[in-house]
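**Student:** Before anything else, here's the structure in question.
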Amino acid sequence: MLIRTDVDQERAKSILRMVEQTLLMVSEIDFKQFSSNVSKEYYEIIRELMSVVLLLDGFKTIGDGAHKEIIEYVSKNYSQFSSQEMELIDELRITRNKIAYEGFFVNSDYLNRNISLIKEIIEKFKILVQEKMS
């Protein structure tokens, strides 16, 4: 459920610091050996960045389906993200759920095919967040 909230730049900054820490951690992991973990972390990074965008817009999501709702919000309100990028984000969401709830293992080929687009998406969100915070 999408609900109105106060814009909280300090909370946004704190989430961004955590995103940077997670990016540093992921960069040090052997993604061929730990591709499921890396996939899950990349999704969490993107989800946190989307949450910051919502927070800076004065919204947050709660409850079942919150992650899907964040993706739909960004897709509807931020045309700088292509349908291909939004589909990959949703695919990562589904993959993350399979990892977390079914013990699914991601093949490292999946990351090889998608890593550059994942990193582009993260950079686009970081730029968007910086613009919204200034």
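The values are calculated or read from the model by the stated rules, or taken from the named source; none is laboratory data. All figures in this text were calculated on a predicted structure; none of them were measured in a lab. Note that we place each Cβ from the backbone using ideal geometry, even for glycine, and neighbour counts take in every protein chain shown. We work out accessible area using only protein heavy atoms, side chains counted, and drop any ligands, DNA or RNA first. Shrake-Rupley method; radii C 1.70, N 1.55, O 1.52, S 1.80 Å.
**Student:** Please compute the net charge surrounding residue 78, taking Lys and Arg as +1 and Asp and Glu as -1 over other residues with Cβ under 15 Å from its Cβ. The partial results should precede the final answer.
**Tutor:** On the way: positive: 47, 76, 124, 126, 132; negative: 57, 69, 72, 85, 87, 90, 120, 123, 131.
Charge balance near residue 78 sits at -4.
**Student:** Mind giving me the nanometre distance, one decimal, between the label points for residue 109 and residue 6, set 7 Å out from Cα along Cα→Cβ?
**Tutor:** With each label point 7 Å from Cα toward Cβ, the separation is 5.2 nm.
**Student:** Kindly report the accessible area of the chain per residue (heavy atoms of protein chains, probe 1.4 Å, no ligands, DNA or RNA), in Å². Write out the running numbers ahead of the final one.
**Tutor:** Working: 7660 Å² over 134 residues.
Per-residue value: 57 Å².
**Student:** Related question: For the full complex of protein chains and a 1.4 angstrom probe, list 24, 2 by accessible area with the highest value first.
**Tutor:** On the way: 24 105, 2 65 Å².
So the residues, ranked largest to smallest area, are 24, 2.
**Student:** Could you state the angle between the C-alpha long axis of helix 83-102 and the longest principal axis of the C-alpha atoms of the chain, as a value from 0 to 90 degrees rounded to the nearest 10?
**Tutor:** The angle comes out near 60 degrees.
**Student:** Relative to the longest principal axis of the chain, what angle (0 to 90°, nearest 10) does the C-alpha long axis of helix 9-27 take?
**Tutor:** 10 degrees
**Student:** Ok, one more. At a 1.4 Å probe radius, carbon and sulfur cover how many percent of the accessible area of the chain? Each step should come with its number before you reach the end.
**Tutor:** Details: 3740 of 7660 Å².
Answer for the chain: carbon and sulfur cover 49 percent of the accessible area.
**Student:** Calculate the FRET efficiency for residue 34 and residue 78 from the Cβ-Cβ distance with a Förster distance of 30 Å, rounded to the nearest 0.05. Don't jump to the answer; show the numbers that get you there.
**Tutor:** Working: r = 31 Å, r/R0 = 1.03.
E between residue 34 and residue 78, to the nearest 0.05, is 0.45.
**Student:** Once a ≥ b ≥ c are taken as the square roots of the eigenvalues of the Cα gyration tensor of the range 59-134, is the result rounded (a/c under 1.5), prolate (a/b larger than b/c) or oblate (a/b not larger than b/c)?
**Tutor:** Working: a/c = 2.21, a/b = 1.30, b/c = 1.70.
In terms of gyration-tensor shape, oblate.
**Student:** Tell me which aspartates and glutamates have Cα within less than 20 Å of residue 60's Cα, excluding those fewer than 8 residues away on the same chain?
**Tutor:** 6, 8, 10, 44, 48, 69, 72, 90, 131
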